[in-house]
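Submitted below is the structure of interest, expressed as structure tokens.
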Amino acid sequence: MEHCCLMSELLGYARVSTADQTLDLQSDALSVAGCSRIWTETASGATTARPQLDDLLSHLRPGDTLAVWRLDRLGRSLPHLLQTVEDLEDRGVGFRSVTESIDTTTAGGKLIFSIFGALAEFERNLIRERTSAGLAAARARGRVGGRPPKMTPKKITQAKLMRDNGMSQTEIAEILGVGRTTLYRHLK
């Protein structure tokens, strides 16, 4: 569908998680909102492969607006949703969520989305602070992070004895259940 002149369009995206759910509610709401075309998809929210969304994104032009029935129809998570909307904004494309009445082509909609972004960043910083505090507390109690070493002092002693008795390092690694590189590192 080619346009003789540049006109901005409102393009919709509807998604349900399972084949049992119906797209009618979302499609009807997007039509009422004024979408000239609606892409529909049956895909889990956690799924990264969404061919219909990819197709819709390739059709969007600067000045267009992508509309969804609800925010959770577009993003797998808040960070993913924020990144998607930011990518749209970088391309000069607006975003609208019908149910939440969010429209990034308006000053109020931009403000709401900025607040979402600030809250997501705040949450990431809290998680980072709690993780750092937890690691520091564990270190203060004498615990060290990370997974336990494959080569215990007992295994190292055993490996050295096997090597001294003429076994190859490949055989020793196999018997001890470690990789050759791990074994070489401990037998230097």
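Could you list, in sequence order, all residues of segment 171-188 that are part of a helix (DSSP H, G or I) and surrounded by fewer than 10 Cβ atoms within 10 Å (Cβ to Cβ)? I'd like the intermediate steps shown before the answer.
Applying the first criterion (part of a helix (DSSP H, G or I)) to segment 171-188 yields 171-176, 180-186.
Within segment 171-188, just 181 meets the criteria.
Taking the condition within 30 Å of residue 103 (Cα to Cα), at pLDDT 85 or above and of a type outside the set (A, V, I, L, M), does residue 129 pass? Can you show your working first?
Numbers: within 30 Å of residue 103 (Cα to Cα): no; at pLDDT 85 or above: yes; of a type outside the set (A, V, I, L, M): yes.
No.
Please work out which residue is surrounded by the fewest Cβ atoms within 10 Å (Cβ to Cβ), limiting yourself to segment 31-45 and to residues that are of a type in the set (A, V, I, L, M, F, W, C) and farther than 17 Å from residue 75 by Cβ. It would help to see each step written out before you state the result.
Restricting attention to segment 31-45, the residues satisfying the condition of being of a type in the set (A, V, I, L, M, F, W, C) are 32-33, 35, 38-39, 43.
Going one step further and asking which of them are farther than 17 Å from residue 75 by Cβ, we end up with 32-33, 35, 38.
On the way: 32: 9, 33: 17, 35: 23, 38: 22.
Ranking the qualifying residues of segment 31-45, first place goes to 32.
Please go through (1) in contact with a His (Cβ under 7 Å, 6 or more places away or on another chain); (2) outside any loop (DSSP other than H, G, I, E, B) for residue 151 and return the number of the only condition it doesn't satisfy.
Going through the list (1) in contact with a His (Cβ under 7 Å, 6 or more places away or on another chain); (2) outside any loop (DSSP other than H, G, I, E, B), residue 151 breaks only (2).
Return yes when residue 67 is touching a Cys at 6+ places or on another chain (Cβ under 6 Å) and either modelled with pLDDT of 95 or more or surrounded by 12 or more Cβ atoms within 10 Å (Cβ to Cβ) (or both) and no when it is not. Even if it seems obvious, please write down each step before you answer.
On the way: touching a Cys at 6+ places or on another chain (Cβ under 6 Å): yes; either modelled with pLDDT of 95 or more or surrounded by 12 or more Cβ atoms within 10 Å (Cβ to Cβ) (or both): yes.
Against the criterion (touching a Cys at 6+ places or on another chain (Cβ under 6 Å) and either modelled with pLDDT of 95 or more or surrounded by 12 or more Cβ atoms within 10 Å (Cβ to Cβ) (or both)), residue 67 qualifies.
Name the single residue that is farthest from the chain's Cα centre (by Cα) among those in segment 80-118 being touching a residue at least 40 places away in the same chain (Cβ under 8 Å) and either crowded, with 18+ Cβ neighbours inside 10 Å or in a helix (DSSP H, G or I) (or both).
98
Looking at 46, 19, can you tell me which residue is at pLDDT below 90 and under 26 Å from residue 127 (Cβ atoms)? Step through it out loud before you land on a result.
On the way: 19 fails: under 26 Å from residue 127 (Cβ atoms).
Matching residue, one of 46, 19: 46.
Quick one: would you say residue 124 is assigned to a helix (DSSP H, G or I), outside the structural domain of residue 92 (by TED's automatic domain parsing) and at pLDDT 90 or above?
Judged against the criteria, residue 124 is not a match.
Here is a follow-up. What is the residue count in segment 47-59 for residues that are surrounded by fewer than 18 Cβ atoms within 10 Å (Cβ to Cβ) and of a type outside the set (Val, Ile, Thr)? Before you say what the answer is, go through the steps one by one.
Of the residues in segment 47-59, the ones surrounded by fewer than 18 Cβ atoms within 10 Å (Cβ to Cβ) are 47-49, 51-52, 54-55, 58-59.
In the following step, the residues that additionally are of a type outside the set (Val, Ile, Thr) were identified as 49, 51-52, 54-55, 58-59.
Final tally of qualifying residues: 7.
Condition test on residue 16, is it among the β-branched types (Val, Ile, Thr), under 16 Å from residue 101 (Cα atoms) and either out of contact with any helix residue (DSSP H, G or I) (no Cβ under 6 Å at 6 or more places or on another chain) or in the same structural domain as residue 101 (by TED's automatic domain parsing) (or both)? Before you say what the answer is, go through the steps one by one.
Numbers: among the β-branched types (Val, Ile, Thr): yes; under 16 Å from residue 101 (Cα atoms): no; either out of contact with any helix residue (DSSP H, G or I) (no Cβ under 6 Å at 6 or more places or on another chain) or in the same structural domain as residue 101 (by TED's automatic domain parsing) (or both): yes.
So residue 16 fails the test.
The values are calculated or read from the model by the stated rules, or taken from the named source; none is laboratory data. Since this is a predicted model, take the numbers as computed values, not measurements. All Cβ positions, glycine included, derive from the backbone under ideal geometry; neighbour counts span all protein chains shown.
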